[in-house]
Amino acid sequence: MKLYSTNSPGVTVDFKEAVFNSMPQDKGLYMPVNIPSLDRDFIENIEMYSLGEIAFKVADSLLQGAIPENDLKAIVEEAINFPAPVVKLDDQTYVLELFHGPSLAFKDFGARFMSRVMSYFMTEGEKTLNVLVATSGDTGGAVALGFLGVPNTQVTILYPKGKVSAIQELQLTTNGQNIRAVEVSGTFDDCQALVKQAFTDKELNEKFRLTSANSINIARLIPQTFYYFNACAQLKREGKTDLVFSVPSGNFGNIGAGLLAWKMGLPVKQFIAATNVNDTVPAFFRSGLYEPKPSVATLSNAMDVGNPSNWVRIMNLFNSDLDELRKIVSAGSYTDVQTGEAVQMIFDEYDYVVCPHTAIAWAAINDYRKLSDDDNSTAVFLSTAHPCKFPGVYEGAIADRITIPDQVKTLLGKPKQSVELGVDFAGFKEYLNSIK
């Protein structure tokens with residue numbers, strides 16, 4: 001598998017280098033030189049395959065021999081060892097539950113796959129791998145559990161102080177071992193900027209072997225394609241083939257993976273990018289002007305991103321042609337008030353509890369149906385996190401219905417282990433240099 005930087009298409013690297021370097025020195029993002037089309041027989045008979053079989057087929061097609069088949073199969077089987085069920089709400093509305101992994105968020109797919117790929121490529125005696133990751137909520141927990149105890153790795157997670165839920169913070173700060181948490185007195189965008197600057201700092205790169213576990217790393221993006229194909233398989237068994245996916249979108253890695261899957265042959269009619277009031281992309285769809293702005297805190301905190309990193313990948317897939325992009329993607333944004341209303345409406349109509357990110361995806365489906373007069377498609381909205389991670393959002397009957405999984409109960413009472421830093425790079429660099 002060969003990949004190029006979105007800023008230097010003529011320069012290519014192999015998959016191993018892209019995984020470990022994470023972000024090219026020219027500050028672009030890695031993309032596959034060739035996006036393979038899955039064979040027609042596989043797509044037409046996708047309902048015959050399990051999640052594990054689909055994951056291996058898609059990964060093997062994308063990696064194009066970068067990892068031998070038997071080794072790749074073992075990686076997939078170990079990493080994707082939890083379900084991703086499609087749950088029927090009514091005849092034309094389904095929810096894709098992506099929170100059944102260890103950190104209760106969809107990012108378990110990417111973090112677990114990536115950690116095992118990195119471990120596979122590492123050889124005895126190599127310099128310790130220092131993984132830097134910025135999180136707005138769920139990425140950090142998934143990465144922490146994905147890398148916890150992995151030999152010869154050191155993980156540093158940056159999160160915005162006071163802007164993640166209590167359970168998310170427990171998942172970030174109670175691990176110990178090779179996991180370190182840094183509270184940044186700023187926003188997710190500030191955390192992300194610190195990580196990106198570290199990757200292009202010459203002194204840090206000479207001292208450390210740095211890589212990222214954010215969705216800027218191509219190894220995070222690849223496994224997120226798996227659940228789109230698997231959803232199609234499940235729905236085809238139900239006789240549903242005319243599909244619209246509504247995707248909660250913050251850093252745009254999730255929908256970016258969906259569009260990569262579409263390029264490979266995913267049979268889908270439409271994608272909807274659903275954001276909160278951090279609406280840089282929906283505003284771009286309206287005006288044609290891409291204007292990043294500082295992020296603001298919302299109930300759907302994992303989507304509080306004002307300058308989504310993966311947007312460059314999506315534009316790259318469409319040769320920066322907004323008109324072409326609009327043929328397959330639409331976008332909408334929702335306030336906290338609308339989010340709360342959606343949570344209540346879903347509960348009242350379906351007796352089903354969703355997290356705030358998922359509620360936004362459902363609201364976007366409703367608007368899509370009103371604006372498009374599309375009464376025939378089957379709508380699938382992605383549920384990206386377990387509602388127990390956002391206890392402050394719910395009250396009354398909805399709060400009473402939420403169960404606390406065992407993996408969360410074990411975190412309660414554990415001591416918090418974190419360091420507080422400001423948004424200046426000098427302070428972060430000094431902290432990294434102090435790590436033994």
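The values are calculated or read from the model by the stated rules, or taken from the named source; none is laboratory data. Please read these numbers as outputs of a predicted model, since none were measured by experiment. Here the Cβ is made from the backbone with ideal geometry for all residues, glycine too, and neighbour counts use every protein chain on show. When the accessible area is computed, the model is the full protein with side chains, heavy atoms only, and any ligands, DNA or RNA have been set aside. Shrake-Rupley method; radii C 1.70, N 1.55, O 1.52, S 1.80 Å.
Here are the numbers:
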| read-out | value |
| --- | --- |
| Mean Kyte hydropathy of 0.0 or more with a Cα span along the axis of at least 20 Å, helices from DSSP in the chain | none |
| For the range 276-348, the fraction of alpha-carbon pairs in successive 5 Å shells from zero, as % | 3, 15, 22, 23, 16, 12, 7, 2, 0 |
| Distance between the range 158-187 and the range 7-71 - C-alpha centres, whole angstrom | 31 Å |
| Overall form of the range 34-163 per C-alpha gyration tensor (a/c, 1.5; a/b vs b/c) | oblate |
| Unit Cα scatterers, Debye sum, the range 1-78: log10 I(q)/I(0) for q = 0.19, 0.23, 0.26 Å⁻¹ | -0.85, -1.03, -1.15 |
| Dipole of the chain, positive direction: furthest Cα of 340, 241, 62, with charges on the beta-carbon | 62 |
| Dimensions (Å) - the range 80-146, Cα atoms, principal axes, largest first | 56, 24, 16 |
| Length-normalised contact order for the chain - Cα pairs under 8 Å, 6+ apart - percent | 19 percent |
| Per-bin percent of Cα-Cα distances, the range 195-346 [10 Å] | 10, 35, 34, 17, 4, 0 |
| Quarter of the Cα convex hull surface for the range 173-262, i.e. its orientation-mean projected area (nm²) | 8.6 nm² |
| Set of aspartates and glutamates with alpha-carbon distance to residue 57 below 17 Å, sequence-local pairs under 8 removed | 39, 41, 44, 47, 69, 71, 77, 78 |
| The chain, helix-only ellipticity at 222 nm - DSSP H runs n ≥ 4, -39,500 (n - 2.57), divided by all residues, nearest 500 | -12500 deg cm²/dmol |
| Solvent-free Debye scattering, log10 I(q)/I(0), computed from the Cα coordinates of the chain at q = 0.10, 0.11 Å⁻¹ | -0.65, -0.80 |
| Per residue accessible area in Å² of the chain, where ligands, DNA and RNA are left out and the probe is 1.4 Å | 38 Å² |
| Segment residue 126-residue 324, extension gain: residue separation times 0.36 nm, minus the distance between their alpha carbons | 66.8 nm |
| Nonlocal amide H pairs with residue 136, under 5 Å, H built at 1.01 Å | none |
| Over 23 Å (Cα to Cα) - which of 389/414; 16/293; 196/409; 163/370; 207/429; 107/236 fall in this group | 16/293; 196/409; 163/370; 107/236 |
| Cleavage-rule hits, trypsin sites (Lys or Arg not before Pro), the range 325-422, DSSP coil, Cβ neighbours within 10 Å at most 11 | 327, 416 |
| The range 1-124, relative contact order [Cα under 8 Å, separation at least 6], % | 18 percent |
| Cα pair distances in the range 168-224, grouped into 5 Å bins until the bin that holds the longest one, percent each | 4, 15, 18, 23, 27, 12, 2 |
| Square roots of 5 times each gyration tensor eigenvalue, C-alpha, the range 318-411, largest first, Å | 30, 16, 12 |
| Per-selection Kirkwood Rh - the range 63-115 (Cα, Å, 1 d.p.) | 12.7 Å |
| Two-site FRET efficiency, residue 350 against residue 74, from Cβ-Cβ distance with R₀ of 30 Å, rounded to 0.05 | 0.20 |
| The chain - percent of accessible surface contributed by carbon and sulfur, probe 1.4 Å | 49 percent |
| Reference-scaled alpha-carbon Rg (2.2 N^0.38 Å with N residues) for the range 210-276 | 1.18 |
| Principal axis dimensions, largest first and in whole angstrom, of the range 372-429 by Cα | 55, 32, 21 |
| Relative contact order for the range 277-340, counting Cα pairs under 8 Å that sit 6 or more residues apart, in percent | 37 percent |
| Label-point separation in nm, residue 341 to residue 293, each point 7 Å along Cα→Cβ | 2.1 nm |
| Fluctuation leader among 413, 146, 332 - the chain, Gaussian network, Cα springs under 10 angstrom | 413 |
| Full-extension gain in nm, residue 64 to residue 238, via 0.36 nm per residue minus C-alpha separation | 59.4 nm |
| Residue 425-residue 403 FRET efficiency (beta carbon distance; Förster radius 45 Å; 0.05 resolution) | 0.60 |
